[in-house]
1. Can you tell me which residue within the range 29-47, out of those that are within 22 Å of Leu273 (Cα to Cα) and of a type in the set (Ser, Thr, Tyr), is modelled with the highest pLDDT?
2. If Ala54 satisfies all but one of (1) of a type in the set (Gly, Ala, Ser); (2) touching a Gly at 6+ places or on another chain (Cβ under 9 Å); (3) under 24 Å from Trp234 (Cβ atoms); (4) modelled with pLDDT of 85 or more, what's the number of the condition it fails?
3. Just checking, does the range 214-233 include any residue being under 29 Å from Ile16 (Cβ atoms), among the hydrophobic types (A, V, I, L, M, F, W, C), surrounded by 14 or more Cβ atoms within 10 Å (Cβ to Cβ) and at pLDDT 70 or above?
4. Select from the range 30-40 the residues that are more than 19 Å from Val87 (Cβ to Cβ) and buried (at least 19 other Cβ atoms within 10 Å of the Cβ) and list them in ascending order.
5. Tell me which of these Lys160 doesn't satisfy, since it passes every other one: (1) among the basic types (Lys, Arg); (2) modelled with pLDDT of 80 or more; (3) loosely packed, with under 15 Cβ neighbours inside 10 Å.
6. Going by the structure shown, is Thr27 surrounded by fewer than 22 Cβ atoms within 10 Å (Cβ to Cβ) and farther than 17 Å from Cys129 by Cα?
7. So, Val82, is that one over 16 Å from Thr100 (Cβ atoms) and either part of a helix (DSSP H, G or I) or modelled with pLDDT of 80 or more (or both) or not?
8. Residues in the range 131-157 that are modelled with pLDDT under 85, of a type outside the set (A, V, I, L, M) and loosely packed, with under 12 Cβ neighbours inside 10 Å: how many?
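The values are calculated or read from the model by the stated rules, or taken from the named source; none is laboratory data. Quantities reported herein were computed from a predicted structural model and do not represent experimental measurements. Cβ coordinates were reconstructed from backbone atoms using ideal geometry, including for glycine residues, and neighbour counts include every protein chain displayed.
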Amino acid sequence: MRQQQRPTVSPRWRAILQRFLLAFSDTHLITGLTILIAAFSQLRTISIYHFNTAVYLGWLSSTVHMVVLSASRFYLRERPGVLYWRVTTMIVLWILLFSTLVLTASPSSPMTIPGYEQPSLYFDSPVMCSWKCAAITPLGADAIFALCLITAGFVARLVKLFRWPADLCEEWLVSKPGKLIRGVFKAVSTYQSKVRSRGLNVLSILLLWYVLVVYLTTRALYDIYNSMLGELTWLTLSLVWSASKVIVLHKISPLADSENLLNFGQILSLLLLLSPLASLPEMYYCKLGTFTREIRS
C-alpha cells in the first residue's frame with residue numbers, strides 16, 4: 001500500500017507568501033497606529049462614538065498584525081533587525097490599545113451591551129467627559145475580558161517570537177515535568193514492591209494519578225497554545241469581539257446614519273489596505289535564487 005505524501009509548496013510560492021504576509025501585516029500595523037494616534041490627537045473634540053470606533057478598528061488591525069508575526073516567527077528569528085522594530089511597534093500599539101480600552105470602559109459612557117440603561121453621557125459627547133477618575137471605575141466584565149484577551153494574545157506572541165523564552169517554556173513545561181513524571185512512576189513502583197500495606201499502596205496510586213492529571217492538563221494546554229488551533233481560537237475570539245463591537249456600536253448610535261456612504265476617504269483607506277496585492281507580480285517574477293535565499297533558515 002502506497003503511503004500518501006503530504007502536498008508541498010514550491011520555494012517560489014513559499015517566499016512569495018512570506019513576503020506578502022509581512023507586507024500585509026505591516027500595512028495593518030501602520031493603519032492601527034495611525035487610527036489610534038489620530039484619535040488621541042483630537043481628544044478635546046472627538047466624540048465618544050468616533051473614539052470607540054477608532055479603538056475597535058485599531059484592535060482589528062493589531063489582531064491581524066500579531067497573528068502574522070506569530071506565523072512568521074521562524075523567519076523573523078533569523079533577522080533580528082526586522083524582528084526588533086516590529087516588536088517595538090507592537091508594544092507601542094499594545095500600550096495604546098490597553099489604555100484606550102480602560103478609558104472607554106467608563107460606566108458613564110454609552111455601552112454596546114444590550115439592555116444597558118442610558119447613562120449620563122451620549123455618543124456625541126466629547127470623550128474627555130468620560131475620563132474622570134470616578135468615571136473609569138469599576139471595570140465591567142466586558143472590559144476585563146477585552147483587557148485579558150489583548151494582554152494574553154500580546155504575551156503569547158511575544159514569547160513565541162524570541163527563541164530563549166520559547167525554549168524556556170519548552171524546558172519547564174514539557175522536558176522537566178516529563179522527567180519528573182518518569183521519576184515519580186519509578187519511585188511509586190519501587191515503593192509498592194517493598195510495602196505490603198494495601199492502604200499505603202492505594203494512597204500512593206492516588207498521589208500518582210493526581211500528579212499525572214496535573215501534568216497531562218498542563219501539557220495539553222501548552223500543546224494547544226503552541227498549535228494552529230490555539231492561534232485560530234485566539235484569532236476567532238479577537239475578531240468576533242472587535243467586529244461585534246463595531247457592528248453594535250454602529251447600529252445603536254444615532255450618529256451612524258450619516259456614515260453609511262462610501263466617500264473618498266473610505267475608498268482610499270480600503271485601497272491602501274489592499275496595496276500589498278500590487279506587489280505580488282513583482283514577487284512572482286523576481287529571480288528564484290535571490291528570492292528564496294532570504295527565506296531559507
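1. Thr34
2. Status for Ala54: all satisfied but (2).
3. Checked the range 214-233: no residue is under 29 Å from Ile16 (Cβ atoms), among the hydrophobic types (A, V, I, L, M, F, W, C), surrounded by 14 or more Cβ atoms within 10 Å (Cβ to Cβ) and at pLDDT 70 or above.
4. Listed by number, the residues that qualify are Ile35, Ala39.
5. That leaves (3) as the condition not met.
6. Working: surrounded by fewer than 22 Cβ atoms within 10 Å (Cβ to Cβ): yes; farther than 17 Å from Cys129 by Cα: yes.
Yes; evaluated as a whole, the condition is true for this residue.
7. On the way: over 16 Å from Thr100 (Cβ atoms): yes; either part of a helix (DSSP H, G or I) or modelled with pLDDT of 80 or more (or both): yes.
Yes: the conditions hold for Val82.
8. Residues that pass the stated criteria total 4.
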